[in-house]
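Below is one structure, written out as structure tokens; comments come after it.
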Amino acid sequence: MGTNWNKHTLKKVFTHIDESWEGEVSFLQKMGQFPSTLGNEAPIQEFMAQFFKNELGLVTESIVPDVEKISKLPGYSPPEWTYENRPVVIGTWKSDGPKEGKSLILQGHVDVVSAEPASLWNYDPWGATIVGDKMYGRGIQDMKSGIAAFCYALKAIKECGIELGADVILESVIEEECTGNGALTTLAEGYIADGALIPEPFGLVGLKAQVGVIWLRIKVTGSGAHVERADRAVNAIEKAYVLIEALQTYRKHINSQPKHPDFSNVNHPLNVNIGMIHSGDWPSNVPSECTIEARVGFYPGEDPQKIKDEVKAFLLEEARKDEWLRNMEPQITFYGFHAAGVSLDTNQALFKTLEMAHERTTGEKMDYTVITATTDIRLYNLYYDIPTTCYGPVGDNMHGADEWVDLNSVKEVTKTYAAFILDWCGVRAGSSQP
Ligand SMILES: [Zn+2]
């Protein structure tokens, strides 16, 4: 156990978490009722700022991402939208006195993906409905439940009168689902620490690797006309098939290559997802343009720019096999995620402390997982030398209909974070007496 605290301290904090449970659940429900999709984060960020300030007593700052400033930094991903009125919120609990332990960032994203088509849901996506041990709603699992957990972990420690040996910084960020520029903003503004945890909901396990992700857009041009002259026109939707097939061929190609060791047990580590397609405006018109948007995964250690060049060359080569596309070359551009993969050394102190905290809560050894998606941990680990991993609740259907979180696991995550904070930050002598 860390200095100046013992199992009685931990028991007191755990009991406090049990006693505050109703408050934590209702806090999570309130968060879940904000439809905080891209561009609509302002109301929940105002709510979070008030909570950090008034409920947790933190020194709170809201910062709107400054593209001018962050676009020069490694890890930046180019957005196609504005950051106006879309702040990140940061609350600091400054430790009083000389630093005795290690400082910590606890970060979560409040941006969520679309809930559409809402008709597929059995519950209101913004209702935060509780049925048994589950709470349903878009963003409840990914990842408002994790934010509720670290807020209530810190709240319990504070309300037990414990003084920590180092600073704790809580962050409610935006843009995790598209660029990571929310997290990058906090780092660029100087919010750094000796370690960070992000409670992405991978089910009470530590994260040891994640793939890289890029987004691309392919514009296919045909030659539009009225349908009666369709034999002389070139249908852009039909020509888009060539590119869709090329993306599928690329997917097969990259997954036929030797796997990165961290992903050796993953069946299909590198997904190429065709996520959007736009074309046409009238049943009797031959569409002259078709736009496909896709997401490509790649292994840790690869430069996102190199992958972009590779994908582009591969697709253009496939396109050249088509007579029309040979002369009317598809336009391939990139925006959003420019995210490198991450492979972590789990022998670092952060992981050992997390393993211990998990064991104190569950009585079991903590497992590790790898994910075939990206999270904000890449920015901390790759560009700021801040050891960072994910550990969060159990749930299912993230990014799908009827997303839910298991509330019992949220309570366990709350306790694990509390145990982690005590160990990592340390406790000032005399402040943990019953
Ligand atoms: Zn997430």
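The values are calculated or read from the model by the stated rules, or taken from the named source; none is laboratory data. Because the structure is predicted, anything quoted here is derived from the model rather than measured. Every residue, glycine among them, receives a Cβ derived from its backbone with ideal geometry; neighbour counts consider all protein chains shown.
Miscellaneous remarks
- Qualifying residue in the range 169-178 (condition: outside any loop (DSSP other than H, G, I, E, B), under 30 Å from Ser343 (Cβ atoms) and more than 15 Å from the ligand (Cβ to nearest atom)): yes
- Residue list for the range 49-63, filter: crowded, with 16+ Cβ neighbours inside 10 Å and assigned to a loop (DSSP other than H, G, I, E, B): Leu56, Leu58
- One residue stands out among those in the range 94-122 that are buried (at least 19 other Cβ atoms within 10 Å of the Cβ) and more than 30 Å from Ala193 (Cα to Cα): the one that is nearest to the ligand (Cβ to nearest atom), which is Ala115.
Rundown of residues vs (1) in contact with a helix residue (DSSP H, G or I) (Cβ under 6 Å, 6 or more places away or on another chain); (2) more than 20 Å from Gly97 (Cβ to Cβ), yes/no style:
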residue: Ala153; (1), (2): yes, yes
residue: Glu163; (1), (2): no, no
residue: Ala166; (1), (2): yes, no
residue: Glu175; (1), (2): yes, yes
residue: Cys178; (1), (2): no, yes
residue: Ala188; (1), (2): yes, yes
residue: Ala193; (1), (2): no, no
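- Filter result for Glu245 (among the acidic types (Asp, Glu), in the same structural domain as Asp396 (by TED's automatic domain parsing) and either more than 14 Å from the ligand (Cβ to nearest atom) or touching a His at 6+ places or on another chain (Cβ under 9 Å) (or both)): no
- Filter result for Asn408 (over 24 Å from Glu24 (Cβ atoms) and surrounded by fewer than 21 Cβ atoms within 10 Å (Cβ to Cβ)): no
- Considering Gly75, Gly101, the condition of being more than 21 Å from Arg378 (Cα to Cα) and assigned to a loop (DSSP other than H, G, I, E, B) is satisfied by Gly101 alone.
- Where a residue in the range 364-378 is away from the ligand (no atom under 16 Å from the Cβ) and its partner, wherever it lies, is in a helix (DSSP H, G or I) and at pLDDT 95 or above, with Cβ under 6 Å and at least six apart: Met366/Glu355; Met366/His358
- Output for the range 226-255, where each listed residue is at pLDDT below 95 and surrounded by fewer than 17 Cβ atoms within 10 Å (Cβ to Cβ): His226, Val227, Glu228, Arg229, Ala230, Asp231, Arg232
- Residue match in the range 263-274 (condition: in a helix (DSSP H, G or I) and either at pLDDT below 95 or under 28 Å from Thr179 (Cβ atoms) (or both)): yes
- Count of the range 389-405 residues, restricted to those that are more than 13 Å from the chain's Cα centre (by Cα) and either within 26 Å of Pro269 (Cβ to Cβ) or within 16 Å of the ligand (Cβ to nearest atom) (or both), is 10.
- Any chance Leu38 is assigned by TED's automatic domain parsing to the domain that holds Ala166 and buried (at least 22 other Cβ atoms within 10 Å of the Cβ): no
- Residue within the range 416-427 that is within 16 Å of the ligand (Cβ to nearest atom) and touching a residue at least 60 places away in the same chain (Cβ under 8 Å) present: no
- Single unsatisfied condition, Gly180 versus (1) touching a Gly at 6+ places or on another chain (Cβ under 6 Å); (2) crowded, with 19+ Cβ neighbours inside 10 Å: (1)
- Residue count for the range 142-151, restricted to those that are more than 16 Å from the ligand (Cβ to nearest atom) and touching a helix residue (DSSP H, G or I) at 6+ places or on another chain (Cβ under 6 Å): 0.
- Which listed residue is closer than 23 Å to Ser279 by Cα and either away from the ligand (no atom under 16 Å from the Cβ) or not assigned by TED's automatic domain parsing to the domain that holds Tyr136 (or both), from Gly195, Gly190, Gly224: Gly224
- If only residues of the range 329-339 that are more than 13 Å from Val296 (Cβ to Cβ) and of a type outside the set (Ser, Thr, Tyr) are counted, the one that is farthest from the chain's Cα centre (by Cα) is Glu329.
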